[in-house]
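Taking it in order: structure first as structure tokens, then the write-up.
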Amino acid sequence: MRMRKRITLYILLILSSIILFFPTVYALMVSFMNGREVLSGAVLPSSFSLDNYKKAFESLPLLSYLWNSLVISAAVMAGQLIVSSLAAFAFVFIKFKGRNALFFLFISTMMVPWEATMIPNFVTIQELGWINSYFGLTVPFFALAFGTFLLRQHFKTIPKELEEASQVAGLSRFQFFYKVVLPVSKTSLVTLGIYGFLTTWNMYLWPLLVTNDETVRTVQIALKQMQTKEVSTDWGVVMAGVIIVVIPTLLLLFGGQKQLQKGLTQGALK
Amino acid sequence: MKQVKLDGLYKTYDGTTPVLSNVNATIEAGEFFVLVGPSGCGKSTLLRMIAGLEETNGGAITIGNKRADQLMPSERDLSMVFQNYALYPHLTVFDNIVFGLHVKKVPKEERKRRGRETAEMLGLTDYLKRKPRQLSGGQRQRVALARAIVDESPVCLMDEPLSNLDAKLRAHMRAEIKQIQRRLGLTIIYVTHDQVEAMTMGDRIMVLNKGVTQQIGTPLEIYNQPANPFVATFIGSPPMNIAEGEIKDHKLFIEGLGPIPLPNGGAIDQTHVYAGIRPEAVRFVHDPVREKGSGLIEVKNVEVLGNETVLMFTAAGRDWYARWSGQWPVKPGDRIPVMIDYADVALFDKASEKSIKHGQSPDVAAEISREEVLL
């Protein structure tokens, strides 16, 4: 009986993982096919040729797009980490009147969808002359309510005695921040960093809005460009592009998976 | 080594109810001074005020010759051991120990030397590369201690440092802290709720209750001459038996016990008193008819500890204890005759709770002087 139950369970798991993973695998397969194979609806390519990858790099300055994405994602990640950790530190370790009220106001901005603030943000960026610049693509994302919330929750678990001990030892507030609080909260910082990097990497609408030439465009826009460039889309090339774009995020995810899990489940248990 | 002077300290959190009021004490340089009291008595608050982690609402703190109550914690030149140790979890044992030296910009070579020496003193040499979470409770405690000592601050504050350890380790660390204090000549202000720690470690003890100083004195002064019923019941285990009593016809009457005759010339002005009797002063009587001041008690519980036997019984509506050395074949429900000698009774005025008369201290009867002991 137990054996049977287990077999059913495994079959179901395998089925659902196939369904879940099919699009990704199929994209990988398509990236090796030529145009005729794609149209005939083949599942496996006849040969694993890298022609599509070559074409992808030839048709667009994909490397410079990748570089832009990398710079922007890294900048947003760093900006979010700095701003969120400082804000969270203030919300946890500095006593001031209306601290909780301010925090809830801060958190409530999570309920305002990003799209709703897009137009005022765009106007601001335009006024500042930040269209087609890294600034326009990064600065609006530095302040992140979610990040502040995540780090505040972690900072709150730091015993008060640790702060007092460093006071007695003669640490300034800022020294306490970077010598004690940050190292102790490493897991949450890594979590937030990966989260920020991936979200920025996958962003499409905002980069499309604030860029109108190739200088600072990101890879997500490049993918869309590949689709619309010719009358009939060469899906093989597009999928090759997709795979190239996905690889860095996968690397990051595998590298940080352990930390990510630790970070996201922290506070959930306890 | 510095003297610490507390002068009329006052503390309140809400502006009206005092947490501490009019606390005065002078802690001599090199003294082991214990603040003891039940939880919520303000002893930790007092310590944190001395450390500068809590502001004072009145009075003055002087450390050495410097007025300190407006100084930052780091400017007061003291070190502190916390109840939960407050070790930095991301640093190794060695880095934890020298963390403060780093901040104070002590040169690297000296930092290393002092860190090593302190670790050696506390038997931590084998663990220097470990992180705090890889240590046992006792080892963490030592690291916290090492961190306080390595500073070479003249004053060290300790907030219930042993309360997270098991009984055996606690007894061991008690002796160890005391030895280190003696060797380095530190001024230690030590907070505890454990009267055993207070008695065994303190050069002097301050007993606090509800934010008010009850008594300051050496452990034996506090044990032998408690200033009021609170101190009497707080210090000593089992606690001193306390009951309301009445003095009439040259006798002390306590409900549930026979009348205790006052000696000739031992007249007391008050009639309503609290009588306090140490458990060891409740004595067994072989001949209840002839002994004056004896009475029958009904035993409610017996604890045989091997070298002594503790009996619980009821007198004047309260639980009383009798402690007799040796192993006694007594069972709950037994009725046995006991007597109390008036010389052993401590009397407190019922209205003011002030001491009228101290009980005689247990070993005064033996009258062995220190000179005789040393022979």
Query raised in the report: When you go through (1) surrounded by fewer than 19 Cβ atoms within 10 Å (Cβ to Cβ); (2) of a type in the set (S, T, N, Q); (3) more than 30 Å from A:Thr124 (Cβ to Cβ) one by one for A:Asn212, which number turns out not to apply?
Result: (3)
Query raised in the report: Residues of region B:235-272 being open to solvent by 40 Å² or more (accessible area, probe 1.4 Å) and not in a loop (DSSP other than H, G, I, E, B), which ones?
Result: B:Glu244, B:Glu246, B:Lys248, B:Lys251, B:Phe253, B:Pro261, B:His272
Requested in this report: Could you grab me the full set of residues in region B:326-353 that are assigned to a loop (DSSP other than H, G, I, E, B), charged (D, E, K, R) and surrounded by 12 or more Cβ atoms within 10 Å (Cβ to Cβ)?
Outcome: B:Asp334, B:Asp341, B:Lys350, B:Glu353
Query - Test result for B:Ile27, touching a helix residue (DSSP H, G or I) at 6+ places or on another chain (Cβ under 6 Å), of a type in the set (A, V, I, L, M) and open to solvent by less than 20 Å² (accessible area, probe 1.4 Å) - result: no
Query raised in the report: Within the set of pairs 6 or more residues apart or between chains, which connect a residue that is within 13 Å of B:Gly123 (Cα to Cα) and at pLDDT below 90 inside region B:133-151 to a residue that is open to solvent by 30 Å² or more (accessible area, probe 1.4 Å) and in a helix (DSSP H, G or I) with Cβ atoms less than 6 Å apart?
Result: B:Gly138/B:Leu169
**Report entry** Residues (over 18 Å from B:Met158 (Cα atoms) and more than 9 Å from chain A (Cβ to nearest Cβ)) located in region B:78-100
**Finding:** B:Thr92, B:Val93, B:Phe94, B:Asp95, B:Val98
Requested in this report: Quickly run through region B:53-66 and pick out the residues that are part of a loop (DSSP other than H, G, I, E, B), open to solvent by 20 Å² or more (accessible area, probe 1.4 Å) and closer than 23 Å to A:Gly170 by Cα.
Outcome: B:Leu53, B:Glu54, B:Glu55, B:Thr56, B:Asn65
Requested in this report: Provide a single number: the residues in region B:188-216 that are part of a strand (DSSP E or B) and in contact with a helix residue (DSSP H, G or I) (Cβ under 9 Å, 6 or more places away or on another chain).
Outcome: 14
Report task. For residues that are surrounded by fewer than 14 Cβ atoms within 10 Å (Cβ to Cβ) and not charged (D, E, K, R), tally how many sit in region B:304-323. Result -> 4
**Report entry** Residue within region B:40-49 that is loosely packed, with under 15 Cβ neighbours inside 10 Å and either away from every other protein chain (no Cβ under 14 Å) or under 29 Å from B:Pro239 (Cβ atoms) (or both) present
**Finding:** yes
Query raised in the report: Here are some residues: A:Leu162, A:Leu189. Which one is closer than 24 Å to B:Arg147 by Cβ and within 14 Å of another protein chain (Cβ to nearest Cβ)?
Result: A:Leu162
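The values are calculated or read from the model by the stated rules, or taken from the named source; none is laboratory data. Here the structure is a predicted model, which means the values were calculated and not measured. Using ideal geometry, Cβ is built from the backbone for each residue, glycine included, and neighbour counts are taken over all protein chains shown. When the accessible area is computed, the model is the full protein with side chains, heavy atoms only, and any ligands, DNA or RNA have been set aside. Shrake-Rupley method; radii C 1.70, N 1.55, O 1.52, S 1.80 Å.
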